[in-house]
Structures are given as structure tokens and as C-alpha cells.
Amino acid sequence: MSSSIAASSLTNCFCSTMLRTASLMASERLAYHPSLIKASSSATSFDVNLAGIVCNCITMVYYGGLAYIFFGGRGAQNGSQSMLDRISRGHTVEDVKCAVELCGDYNLVPIVDVIFGLSGETVADQQETLDLVGFVVNKDGHIHSHYFTPLPGTPLEYAVPSPVGRDVNRVMGQLALGGKVTGVWEAGVRR
């Protein structure tokens, strides 16, 4: 791959503007583009919009010398397609799986955000999210978990969080002990 990436590749990539860290050498190989990349002194991860995971973006990260891709604020969010549709995420569960597999093709470690306790979430929805968590972990990825918190000024600001089932606590706790999960997945717990 050449040291520069075509502007059309960057345009098609739709990566978010938040590069956690990048070395000068990595930013040179990434053909620095100020709206996509913010350089600092030690490279390890890159935050992306899940809907924009395409081969060009993965290639850019890979050849940039980074090891992790964090699917953060625009990440998976949930493993239930009905919940994703309800909260207007703009991607499918299958999109998440494809992105995780694509990361594996390039030996990149995906770190995927999920939220438990979304308003109206059922035990079946939570099981689907646990299935997605299992898929990500089995593909050598990591999970960063959150318990739903209604935020002012958002469409869900008045939504009531749903309780989290025992299976979620058991599975997520075991994965956390194994170093595959970080974050919070139940109400009132600080980790």
C-alpha cells in the first residue's frame, strides 16, 4: 500500500474524528487527514462509526500501525435487531458481525460497546446481546459495556431503564474476570 490513501477512500470510510492515539510514523502512513485523524505520541486505537466500517477504513487503520479499533459511541450498542431499529442506530447486528470479522482478517482487535437495560428491553433482547458479546469475544474482541442512562436532550431522555436479568450478570461477570469485558451492565454498580 502506498504511503498516501486516496481522498475517495477516506470519504468512503466515514470514520469518526476520534483517534485515541497515533505515533507520528503511523499518522504519516495514514496520510494525515485532519477530519479523521488526531495524532499524539503513542499509537494503539482508533474510534470509528460502525456504519462506516468498510475495507478501506480497516486497511487505513492496519497500515497505520494501530492494533485496536474501538466501536464506541456509534458502536454495536445492542445485539437485538428490534432494539437497534427502535433506537434508530442505522446498522444491523449482521453489520457488527461483519465488521468484527473484517478486523480479524487484519489482526486488529475490535473493542465493541454494548448497552444493557435499554427502555423496553426484554430478557430475549438481552440474550441476543449476550449472543453478540459471545461472538465478539470468540473472535478475540473485547466488550465495553454500559447500563442505559437516559441523557437530557436525547430522544430517550425520559425513557425508563429496563432491569437486567441474572444471565447478563453471570455471563458478563465471568467475561470480566477473564479480561474480555470492561464497564457496567447493571444499575447502581460502579466498576
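The values are calculated or read from the model by the stated rules, or taken from the named source; none is laboratory data. As the structure is a computational prediction, the values presented were derived from the model and not from experiment. Here Cβ is always computed from backbone atoms with ideal geometry, including for glycine, and neighbour counts include all displayed protein chains.
Here are a few things to note about the model shown:
- Applying a threshold of 9 Å to beta carbon distances and a minimum spacing of six or more residues, or different chains, the list of pairs starting in region 140-159 at a residue that is under 16 Å from residue 112 (Cα atoms) and in contact (Cβ under 8 Å) with a residue 40 or more places away in the chain and ending at one that is assigned to a strand (DSSP E or B) and of a type in the set (Ser, Thr, Tyr) reads 142/68; 142/182; 143/182; 144/182; 145/182.
- Residue match in region 113-129 (condition: touching a residue at least 12 places away in the same chain (Cβ under 8 Å), polar (S, T, N, Q) and part of a strand (DSSP E or B)): no
- For residue 121: the one exception among (1) more than 22 Å from residue 81 (Cβ to Cβ); (2) of a type in the set (D, E, K, R); (3) buried (at least 17 other Cβ atoms within 10 Å of the Cβ): (1)
- Residue within region 154-173 that is under 16 Å from the mean Cα position of the chain (by Cα) and modelled with pLDDT of 90 or more present: no
- Residue check, residue 141 assigned by TED's automatic domain parsing to the domain that holds residue 112, in contact with a strand residue (DSSP E or B) (Cβ under 8 Å, 6 or more places away or on another chain) and under 30 Å from residue 105 (Cβ atoms): yes
- Residue 130 being among the aliphatic types (A, V, I, L, M), in contact with a helix residue (DSSP H, G or I) (Cβ under 6 Å, 6 or more places away or on another chain) and on the phi < 0 side of the Ramachandran plot: yes
- Taking region 134-163 as the range and being touching a helix residue (DSSP H, G or I) at 6+ places or on another chain (Cβ under 7 Å) and not basic (Lys, Arg) as the test, the residues that pass are 135, 136, 137, 140, 141, 143, 145.
- Some residue of region 167-190 being touching a strand residue (DSSP E or B) at 6+ places or on another chain (Cβ under 7 Å) and of a type in the set (Lys, Arg): yes
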